[in-house]
Amino acid sequence: MKVVKASARPTKLAPAANFTGTVMQDEVVVGVAPSRMRATSVSFTPGARTAWHSHPVGQTLYVLYGVGRVQKKGEPPIVISPGDTVFIPPDVVHWHGAAPDRLMIHLAMSENTDAGGGTVWMEKVTDAEYATPPVEP
Ligand code: MN
């Protein structure tokens, strides 16, 4: 076993191609075969969010801090709060991010396919889509 110190892994800026606003990523685990595990702590500044996307093996989100949103295509956004777990089935188109006026940090957990793919990226979430009034879960 080994301990990887936080100071050994600098925080990365999430790629602008797949995110709106400022989003920071801290790698937690990238599994070595036969593991396909991947976990990343993702910090969204107010208003920041992913683009629309899906995961071939699904994804689990665990909210660590703040106030956030998650939306499945065709349904209203849902408010997510610390301690909430979101289970996203395979191939469901969705986005996740912060509330307009609050930070949100979640642990994003998923598994890659045999081919190594974990996320299928699509178009950005428009301001109009993001402004859709959210519902409580
Ligand atoms: Mn996702």
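Output the Kirkwood hydrodynamic radius of the chain, Cα pairs only, in Å rounded to one decimal.
Here the Kirkwood hydrodynamic radius works out to 15.2 Å.
Name the chymotrypsin sites (Phe, Trp or Tyr not before Pro) in the range 79-137 that are in a loop by DSSP and that have at most 13 other C-beta atoms within 10 Å, would you?
none
Could you sort 73-81, 2-10 so that the peptide with the highest average Cβ count within 10 Å comes first and the rest follow in order?
In decreasing order of mean packing, 73-81, 2-10 become 73-81, 2-10.
Would you tally the net charge around H96, using a Cβ to Cβ cut-off of less than 14 Å, leaving H96 out, and scoring K and R as +1, D and E as -1?
+3
Kindly rank 34-47, 53-66 from highest to lowest mean number of other beta carbons found within 10 Å of each residue.
Listed from highest to lowest mean packing, they are 53-66, 34-47.
Relative contact order (percent) for the chain, with alpha-carbon contacts under 8 angstrom and 6 or more residues of separation?
That works out to 29 percent.
How much mean residue ellipticity at 222 nm does the chain get from its helices, if each DSSP H run of length 4 or more adds -39500 (n - 2.57) and you divide by all residues, to the nearest 500 deg cm²/dmol?
-500 deg cm²/dmol
Values in this text are rule-based calculations from the coordinates and carry no lab data. Everything numeric here is computed off the predicted structure, so don't read it as measured data. Because the Cβ atoms are built from the backbone with ideal geometry, glycine has one as well, and the counts that use them run over all protein chains shown.
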